[in-house]
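Worksheet: one structure, shown below.
All of the numbers you see were taken from the coordinates with simple rules; none came from a lab. What you are looking at is a predicted structure, and each value in this text was computed from that prediction instead of being measured. Every residue, glycine as well, gets a Cβ built from its backbone with ideal geometry; the counts of neighbours run over all protein chains shown.
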Amino acid sequence: MYIHTNWNYFMYLKARPHFFMIGVGEFPVKQEMGILVPPNTLHAIWKVEKEGLLIYNIFSPGTKYTKREQRK
């Protein structure tokens with residue numbers, strides 16, 4: 001089970017696991033299904049099939065933006 005302090009978006013490109021999220025419960029995941037997990041929400045992926053997972057995962061915000069110094 002995981003908890004992140006930022007938004008987490010999963011796009012399942014090749015997978016058919018089950019997903020659990022507090023406040024929603026457990027549900028099966030379909031290929032090309034997107035799941036948005038709010039900050040500080042307990043969630044988990046399980047019941048992964050033998051072929052494994054291919055997931056596109058986005059954390060938002062990913063990193064703190066810092067302005068680069070201009071080159072002279």
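At a glance:
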| read-out | value |
| --- | --- |
| Average Cα contact separation per residue, region 7-60, under 8 Å, 6 or more apart, as relative contact order % | 52 percent |
| Net lengthening on full extension, N6/S60 (0.36 nm per residue, minus Cα-Cα) | 18.9 nm |
| Per-peptide average of other Cβ atoms within 10 Å, ordering 14-20, 26-32, 3-9 highest first | 14-20, 3-9, 26-32 |
